[in-house]
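Asker: The following block contains the structure, expressed as C-alpha cells.
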Amino acid sequence: MKKRLSCICALMLALALLLSACGSPSAPSDSGGDVSDPSGDGPSKVINIALSENNLDLDPHNTTTLPGIATMYMEFDTLVESDHEGNYSPCLATEWEVSDDGLSWTFKLREDVTFHTGEEFDSADVVCTFQRHIDNPVLSNAASQWPYLESVEALDKYTVKITNSEPFGCTLMSCARTWIIPDEAFAEYGEELFTTPISCGTGPWILDEWVDGQYTHFYKNENYWGDFDSYYDEVYFRHILEPASAITAHINGDVQAYISTGGISNELLSMYDNASNIELVTVESGTYMYIGLQCGEDSVFHDQDVRKAFELAIDRQLCVDAVYGGMGKVPNGIIVDTCMGYNPDEPPYEYDPELAAEILAASSYDGREITLSTNTSTNKGEQLLLVISEMLNEVGFNSKVENVESATLLAMRTEGNYDAFLVANMHPDGDAYFTLNQRILNDIHHSDFVSEEMNNLILESNASTDNAFRAECFSQVNHLIREANGPHTAICQLDQIEAIDYGVTGLMLYSDGYFNYRWVTYDPSLVP
Amino acid sequence: MNSKLIFKRMLHSKFFMIGFITCMLIVIFAVVGPSFVVYDAEKNSLTEQFLKPEWLSNGWQGHILGTDELGRDEFTRLVVGARYSLAIALVVTVCSAVLGTILGMIAGYLGGAADAIIMRMCDVFLSIPNLILSIAIIAVLGTSTTNLIIVLIISSWVQYCKLSRNNVLVTKKMEFVSASKCLGATNSHIIFKEIFPNITTQLIILVSQQFGNVILVEAALSFMNLGISPPTPSWGNMIAGGRTYLTTYPWLCVVPGMALMITVLAFNFLGDGVRDVLDPKRT
Amino acid sequence: MLFRFIMRRLGQTVIVLFCVSIIAFALVRIAPSSPARMMLPDTATDEQVAAMEVKLGLDKPLYVQYYKYISGIFHGDLGTSTQYKTDVSGIIANRLPATLELNAVAILFALVIGIPMGIVAGSKPGSVTDFFAVLFALIGQSMSPVWLALLNILIFSSWLDLLPSYGYGPLVCIILPAMTHGYPVAAQITRMGRSGMMDVLREDYITATLAKGISKRKVYTKYAFKNALIPIVTMVGLQLGIFMAGAVVVETVFSWPGLGQLNFQAVGNRDYALVQSTLLVTAAIIAVINLLVDIINSLIDPRITLE
C-alpha cells in the first residue's frame, strides 16, 4: 500500500508539472523595453504600447473597442484621413467631389497601392467594402456610420461613386472610419478573412498575430505606399487591464507607453513622479459627462421647474476639482469647445442652491426617490454621482446612486427605465450629427422629451452639407437644450492624461477620444 | 457532555479563548461603535480628500485612519462598514445553515429519489463557479442588499447540506432511531427530535468556520461591483474602492483589508476552538 | 466493480452537466440587455437591434435555441461567440492552458509549502514552529484573495520591483498570481497535514513501533508521514474544481489570460454562447476531477469502497 501511495503521489506531481509545462509557451523574446539596439545607440526597435482594454474582434467593419479601432488604424487605410477636428485630407482617395443634390460623392483613387496580400488596390476594393455595408446593415460600422448608404459603383478602375439616399453631411467623416478591404481576398475567404491571421489592409503596419487577452503584434510594412518610415520594426499592443500593473510595467521599462481609455486616473499619476524618462501627455479631450433625464409623463423631470432646480443644484466646478483633480473644465452645454457649432457666448451653467431649493419647493416635485444611475465603465461615474447626489439632496431632492454593469444600463436606457443616468459622450470628428440625431431626434434612450423646434433644427442640419450652416444649427440646438434644462445636462469636460516615453512620437491622441498609433516612431531630439 | 465539562474545555482551549474574546470585541465594536463616531460615514467632505492617517495625534476627534477619495472619514466607515459586513454574514450564515441542514436531513433520511435530486442539486451548484453565478444573478435581480444576501445564501448552503446528509446517514442506522420507528414516531419527529440533536456539534463547528468565509465572499463580490451599493460602506466595497489608489494612497485598501483579515482570523480561531471544545475525539 | 462505478458516476455527471447547461442558458438570457444590443454601437436603433437578433437566431423560441445549442455540442460545435465572432471552442482552447497552468503551479506551490509545514508542525504540537505554522495557515485562510492580490502587487511589484504584476509566458510572470492563488490552499494543507500528523502519532501502531526502538525520525518519515498524506490528497482533489473556478479575481487583477477572466468579460457582454460554454467546460472539468479523486482514493485506501 505504501508503494501504491507513493506511486500515486508521484503521479499527481508529475501531472501537475506536465500541466504547467504544456501550459507555458516558450518565453517570447519580445520583451523589448530599454534594451539597447546593438547596431546603434537608440532604444530597441520594438515598441510596446500598453492598452487598458482587450481586443475582441478584428473585423474592420465590426469592431467597437478602442484597441480594435487602433488595430485597424495600423493595418488598414481609408479613403480620406481625418484630423478629428473636422478637416479631411487625401489618403487612398486623392480627390473627391459631391453632387449638387448632396447625395452622390465621387472619389478619385490612388494608383500605386497594394494590399498586404499582394493584391492591387483599385475601385473594385472600394466597391466591395461599401457593398458589404449595404448588404449587411447590422455591421457595427454600417449601423453607426452609414445611415443612408444606398449604392456604390465603380465609374472606372480608379473612380468610385458612393450614393446616399438622403443628403448626409458626415459622409467624409464616415469615409475616414471605413477601412478598405481587398475584394479578391474577401471573395475567397468571406467573413473568415477577419478571423484568420491574414493581414489584409494597405496600412503601414502588417498584423502578425493577436493573442486573446495578451497582445497584438505588428511589424512594419516595408512596401507602404505613403511617405512614412518608422524607426520601429515591430509594435506590440499589450492588453493590461489593471492600471497599477500597467503603470508599474511602464516604470520598469517593459512598455514604452500606457494609453488608458478615458485617461489615467489622476490619483495614480503620482506613481510617475520619479520616472524622468516618461512624459505625461495631456489631451484636451472633447469627452464630456452628461446626465440624461427621464422626462416622460410619469417622471419628476416632466416638470421643467424640477429640471431647472436639478441644473442649478449642481456645482460643476467642484465636481471637476473634487472628482477629477481639477483636470477638466465645465462646458456650457453638450456642444463642447472641440465641436463644430460651439458658442463661447452661451452663458455658463449657474450654480445657485438657494434658488434651486426655492424653485424645487414651488414645483410639482413630491419628494419621490430619484435614482441616479451610471455604469461601471464610466470613468469615476460612481464618485461623481455620489457628489452630485449630495448636492441634490441639499436642495430638497431625495436621490440615491446606483452603479450597474454596462449591459444593464444599456437595457435601462433603451427601455426608458431610469430617472437619470450619467455617461460620457463625445462627438466624433467634432461633429454633433450622431449625438443629436440619435439622442435627441430619434430619442434612442427614451428620455420622452419632445421639442418640435429642436427636431426641426436637427432635420434642417441633416439636409445640408454646408458646415457653416450645420454649425449654426448645432449651436441653436444647444441653446434650446439649455433653455429647456433638458433632456441632457452636461456636467464636465475632461482632460485625458496618458503616459509616453520621451522620444516616442506619432501616437495620435485625438480630442474626440479616438487613438491612432500608425505614425509611431522615435525621435531622439525629443528626449530632454 | 454536560455543560460543566464544556465550560472547562472552553477555558482550557487557547484557540477558543483568543477567538471568542476577539470576536466579542469586534462584535461590540460593530454594534456600539456607530453611535460614538464623530463623522458621517456617507457624507462627502470634498475639501478633505485623501488625508493621511493621523492615528491618535488629534485624539478621537481626528481622522484616525485618514480619509478616502470623497473626504469621508476612513475610521468611521470602517466602524459602520463592520456593522453591515457582520450583519450580512450573520443573516447569510443562519439562513444557509437552516436551508442546507433541512435539505441535507431530508436527503439523508428519506434517501432514494429525494436524496438523488438534492445531491445532484448540490453537484450542480458546486459545478458553477460562485462568482459567475453571482454576477449573472445580480445582473438579473439588480444590486441591493437583499439580492446580495440571496446570492450569498445560494452559494453557501451546499456545505451544510452535504455535512448534514452524511451525518444523518450515519445516525439513521443507530439503534435508538430504529427504536423510535418501531414505537411509531412520525418522520418529522424522528428527523427533528431524534436525529437533529446528534448532528448539532458538527453544524456548530461548520457555522463558526463558514462565518468568516461569507465575509470573504462578500468582499470578492464587492470587488466585482456586485456588493452593497454606494455610498453605504462595507469592508468589501471599501477594499474595492481603495484598489485604484493602492500605490498612491495605500491605507485606503490596506486598512479595511486588515480589518477584514483580523475579523476572519478571529472567527477562524473561534471555529477551531469550538471544534476543540465540542469534538470528543480531540480530548 | 470499478467499471460499474465509473458508469454510474458518468451517468450522474451527465445529469449535472445537463442541469448546468439549462441554468447557464437561462441565467444569461434573463439578464437585462442582449448580445444584439451589445454588439451594435451604443446608439443603435431598435430596428437595427431587431435585425441583429434575427441574424443571431435570437428571435426563435427559447426551446429552439436551447435545442440548437445542445445538439451543436454533440457535433462538437459550441456555438459562435458574439463578441469574438469566432468559434467558442477555439477561444476556450486558447484560454484553457493559461488557467490550467495557473492552477497547476498554484497547487504545486501549495503542496510544496503546505505539506512540510503541516508535517513539521504536527509532529511537535505546541512548539514555536507549530505556532508559526498555525499562524501562517490561519492568516492564509483569513485573507481576502482580492486584497492579497493587491498587496502582492504593492509589495513585490511596486515597492521592491522584484516580480512582474502582469504578463503571460515568461515563467517569472506566474510567480505572483500562483502565489496569491495558492496561499489559501497552502494554508488549508498545512492545517490538514498538522492535524493528520497529530492523529496518526496518537495511533497505537506508532507507539508500538517507537517502543520497538526504531528511531523517531524513521517512524515519522516512514509511517506517520505517509498516512497523514491521505486526507491531504483527498482534500486537494476535491477542492481542485472549486479552486479552478475561483481564479476569476486573481486572473482579473494580474491580467492573466485565463477562463475566469474570459467568463467575466463574456457575462458583461452578454455573449450567450461563450458564457454557456465556459460554464459547461468548467463544470465538466470539475466533474472529471472529482471522479478521478474518488478512484484514486479507493486505490490508496482499500477501506474506502466505491459505492
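The values are calculated or read from the model by the stated rules, or taken from the named source; none is laboratory data. Just so it is clear, the model here is predicted, and its values are computed rather than measured. With ideal geometry, Cβ positions are generated from the backbone for all residues, glycine too; neighbour counts draw on all protein chains shown. The protein model used for the area step is the full one, side chains on, heavy atoms only, and it has no ligands, DNA or RNA in it. Shrake-Rupley method; radii C 1.70, N 1.55, O 1.52, S 1.80 Å.
Asker: What translational D, rounded to a whole number of µm²/s, comes out for the protein assembly as shown from Stokes-Einstein when the hydrodynamic radius is the Kirkwood one over Cα pairs, at 20 °C and 1.002 mPa s?
Answerer: Translational D for this selection: 67 µm²/s.
Asker: Compute the Cα gyration tensor for the stretch A:365-520, then decide on rounded, prolate or oblate, letting a ≥ b ≥ c be the square roots of its eigenvalues: rounded whenever a/c is under 1.5, prolate when a/b is larger than b/c in the other cases, and oblate in all that remain. Could the numbers behind the result be given before it?
Answerer: On the way: a/c = 2.10, a/b = 1.15, b/c = 1.83.
The shape class here is oblate.
Asker: Using +1 on the beta carbon of Lys and Arg, -1 on that of Asp and Glu, and nothing else charged, what's the dipole of the stretch C:2-74 about the Cα centre, debye to 20?
Answerer: For the stretch C:2-74, the charge dipole is close to 680 debye.
Asker: Starting at the first residue of the stretch C:216-233, write each ³J(HN,Hα) from the Karplus equation 6.51 cos²θ - 1.76 cosθ + 1.60 with θ = phi - 60°, in whole Hz, x for Gly and Pro.
Answerer: So the Karplus estimates, Gly and Pro as x, are 4, 4, 5, 4, 4, 6, 7, 9, 5, 3, 5, 6, 6, 6, 3, x, 5, 4 Hz.
Asker: Semi-axes of the stretch A:77-186's equivalent ellipsoid from the Cα gyration tensor, sqrt of 5 times each eigenvalue, largest first, rounded to whole Å?
Answerer: Semi-axes, largest first: 20, 16, 14 Å.
Asker: How big is the charge dipole of the stretch C:90-306 about its Cα centre, in debye rounded to the nearest 20, if each Lys and Arg gets +1 on its Cβ and each Asp and Glu gets -1 on its Cβ?
Answerer: In total the dipole reaches around 740 debye.
Asker: So what's the back-of-envelope 222 nm ellipticity for chain B, counting only DSSP H runs of four-plus at -39500 (n - 2.57) apiece and dividing by all residues, rounded to 500?
Answerer: Working: 11 runs with 192 residues, N = 283.
One gets -23000 deg cm²/dmol as the mean residue ellipticity at 222 nm.
Asker: While we're on this one: Taking +1 at the Cβ of each Lys and Arg and -1 at the Cβ of each Asp and Glu, which of B:Ala87, B:Ile204, A:Asn437 sits farthest along the dipole of the protein assembly as shown towards its positive end, judged by Cα position relative to the Cα centre?
Answerer: Going by the charge dipole, the pick is B:Ile204.
Asker: At 222 nm, what value in deg cm²/dmol follows for chain C if DSSP H runs of at least 4 each add -39500 (n - 2.57) and the sum is divided by all its residues, to the nearest 500? Mind dumping the intermediate values first?
Answerer: On the way: 14 runs with 223 residues, N = 307.
For chain C, the value works out to -24000 deg cm²/dmol.
Asker: Please name whichever of A:Asn164, A:Asn136, A:Thr117 sits farthest to the positive end of the charge dipole of the stretch A:77-186, dipole taken about the Cα centre and charges placed at Cβ: Lys and Arg +1, Asp and Glu -1.
Answerer: Positive-most Cα among the choices belongs to A:Asn136.
Asker: Now, a different point. With the calculation restricted to Cα positions, what are the radius of gyration and Dmax of the stretch C:181-254 in angstrom?
Answerer: When restricted to the Cα atoms of the stretch C:181-254, Rg and Dmax are 16.7, 56 Å.
Asker: Let me ask something else about it. Have a look at C:Val128, C:Val288, C:Val275 and tell me which one the Gaussian network model of chain C (Cα, springs below 10 Å) gives the largest fluctuation.
Answerer: Most flexible of the set in this elastic network: C:Val128.
Asker: Using only alpha-carbon positions, what ratio does the radius of gyration of the stretch B:86-125 give when scaled by 2.2 N^0.38 Å?
Answerer: Here the answer is 1.36, to two decimals.
Asker: Need one value for C:160-169: mean number of C-beta atoms belonging to other chains within 10 Å of its residues' C-beta atoms.
Answerer: 6
Asker: Another question about this same structure. Residues of the stretch A:380-394 with amide nitrogen under 15 Å from the 7 Å Cα-to-Cβ point of A:Asp303?
Answerer: Hits in the stretch A:380-394 for A:Asp303 at 15 Å: none.
Asker: Next up: Can you tell me, using C-alpha contacts under 8 Å and at least 6 residues apart, the relative contact order of chain C as a whole percent?
Answerer: Across chain C, relative contact order equals 26 percent.
Asker: Quantify how strongly other chains surround peptide A:209-216 by giving the mean number of their Cβ atoms within 10 Å of each of its Cβ atoms.
Answerer: 5
Asker: Let me make sure I get this right: for chain C, a, b and c are the square roots of the gyration tensor eigenvalues over alpha carbons, sorted descending. Under 1.5 in a/c it's rounded, otherwise prolate if a/b > b/c, else oblate. Which is it? Please report the intermediate quantities before stating the final value.
Answerer: Values: a/c = 3.48, a/b = 1.75, b/c = 1.99.
Oblate is the answer for chain C, as a/c is 1.5 or above yet b/c matches or exceeds a/b.
Asker: To continue, here is another question. Just to confirm my numbers, what's the Cα centroid distance between the stretch A:410-474 and the stretch C:125-187 in Å?
Answerer: Value for the Cα centre distance between the two parts: 51 Å.
Asker: Would you please give the residues with an amide H less than 5 Å from that of C:Thr82, counting only those at least 5 places away or on a separate chain, with H modeled from the backbone geometry?
Answerer: C:Tyr272, C:Ala273, C:Leu274
Asker: Taking 8 Å as the Cα distance limit and 6 or more residues as the minimum spacing, I'd like the relative contact order of the stretch C:148-275 as a percentage.
Answerer: 25
Asker: Per residue of C:24-33, count partner chain C-beta atoms within 10 Å of its C-beta, then hand back the mean as an integer.
Answerer: Average per residue, whole number: 6.
Asker: At 1.4 Å probe radius, can you tell me the per residue accessible area of the protein assembly as shown in Å²?
Answerer: Per-residue value: 40 Å².
Asker: Another question, then. Taking loop as defined by DSSP and a crowding limit of 14 other beta carbons within 10 Å, which trypsin sites (Lys or Arg not before Pro) in the stretch B:93-190 fit?
Answerer: When the trypsin sites (Lys or Arg not before Pro) of the stretch B:93-190 are filtered for loop state and at most 14 Cβ neighbours within 10 Å, B:Lys173 remain.
Asker: Next question, about the same structure. Per residue of the stretch A:208-217, what does 6.51 cos²θ - 1.76 cosθ + 1.60 with θ = phi - 60° give for ³J(HN,Hα)? Whole Hz please, x for Gly and Pro, Karplus curve as stated.
Answerer: Values, residue by residue: 9, 6, 10, 9, 3, x, 10, 8, 10, 10 Hz.
Asker: Taking a ≥ b ≥ c as the square roots of the Cα gyration tensor eigenvalues, with a/c under 1.5 meaning rounded and otherwise prolate when a/b beats b/c, else oblate, which class fits the stretch B:156-237?
Answerer: Because a/c hits 1.5 or more and a/b exceeds b/c, the stretch B:156-237 counts as prolate.
Asker: Would you calculate a helix-derived [θ] at 222 nm for chain A, using -39,500 (n - 2.57) for each DSSP H run of n ≥ 4 and dividing by the full residue count, to the nearest 500?
Answerer: -9000 deg cm²/dmol
Asker: So what are the ³J(HN,Hα) numbers for the stretch B:50-61, from phi and the Karplus equation (6.51, -1.76, 1.60; θ = phi - 60°), rounded to whole Hz, Gly and Pro as x?
Answerer: Karplus values, whole Hz, x for Gly and Pro: 6, 6, 5, x, 9, 6, 10, 5, 10, x, 6, 7.
Asker: Choose one answer from C:Ser144, C:Ser215, C:Ser34: the residue with the largest mean-square fluctuation in a GNM of chain C with alpha-carbon springs under 10 Å.
Answerer: C:Ser215
Asker: May I ask you to work out the translational diffusion coefficient for the stretch A:47-135 at 10 °C, viscosity 1.306 mPa s, via Stokes-Einstein with Rh from the Kirkwood sum over Cα pairs, reported in whole µm²/s?
Answerer: Using the Kirkwood radius from Cα pairs, D works out to 104 µm²/s.
Asker: Once you keep just the Cα pairs under 8 angstrom separated by 6 or more residues, what percentage relative contact order results for the stretch A:77-186?
Answerer: 33
Asker: Still on this structure, please answer the following. Amide H of A:Val401: which non-local residues (sequence gap of 5 or more, or other chain) have their own amide H closer than 5 Å, using H built in the peptide plane?
Answerer: A:Leu372
Asker: Taking R0 as 51 Å, what's the FRET efficiency between B:Ser178 and B:Ile21 from their Cβ-Cβ distance, rounded to 0.05?
Answerer: Taking R0 as 51 Å, the efficiency between B:Ser178 and B:Ile21 is 0.70.
Asker: What is the packing order of peptides A:518-526, A:392-400, taking the mean over residues of other C-beta atoms within 10 Å and listing the highest first?
Answerer: Peptide ranking by packing, descending: A:392-400, A:518-526.
Asker: Which values, in whole Å and largest first, are the semi-axes of the equivalent ellipsoid of chain A obtained as the square root of 5 times each eigenvalue of the Cα gyration tensor?
Answerer: 41, 33, 23
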